[in-house]
Amino acid sequence: MTKIARNEKPIDGNPTNATEQVDDWAEAEAVLAAAQRMPEGPKRIVALKKAGQLRFRADQRRRAIRDQEMELAAKSRLET
């Protein structure tokens, strides 16, 4: 099984300063929305890129959890 790295959460709503952990999809979406509201320029581009990376990792984590749950359910069906 592949180990998924935990995602980072921006400090003070700035998507370029990520140090805390983002644990779910909704928070990654909020980071993306904040980046999209930034004014045009190089900082917005960096923020959008970082937000996309956070969202991608949140999706990886979400899929890994779903796959584990499906695997456990399949094993329990086989045992009965």
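The values are calculated or read from the model by the stated rules, or taken from the named source; none is laboratory data. If you're wondering where the values come from, they're calculated on a predicted model, not measured in any experiment. Reconstructed Cβ throughout: ideal geometry from the backbone, glycine too, with neighbour counts over all protein chains shown.
Miscellaneous remarks
- Inter-residue pairs, beta-carbon under 7 Å, first in contact (Cβ under 8 Å) with a residue 12 or more places away in the chain and in region 59-80, second part of a helix (DSSP H, G or I) and aromatic (Phe, Trp, Tyr), 6+ apart: ASP59/TRP25; ARG62/TRP25
- Taking the criterion of being at pLDDT below 90, farther than 24 Å from ALA64 by Cα and assigned to a helix (DSSP H, G or I), the residues of region 12-40 that qualify are ASP12, GLY13.
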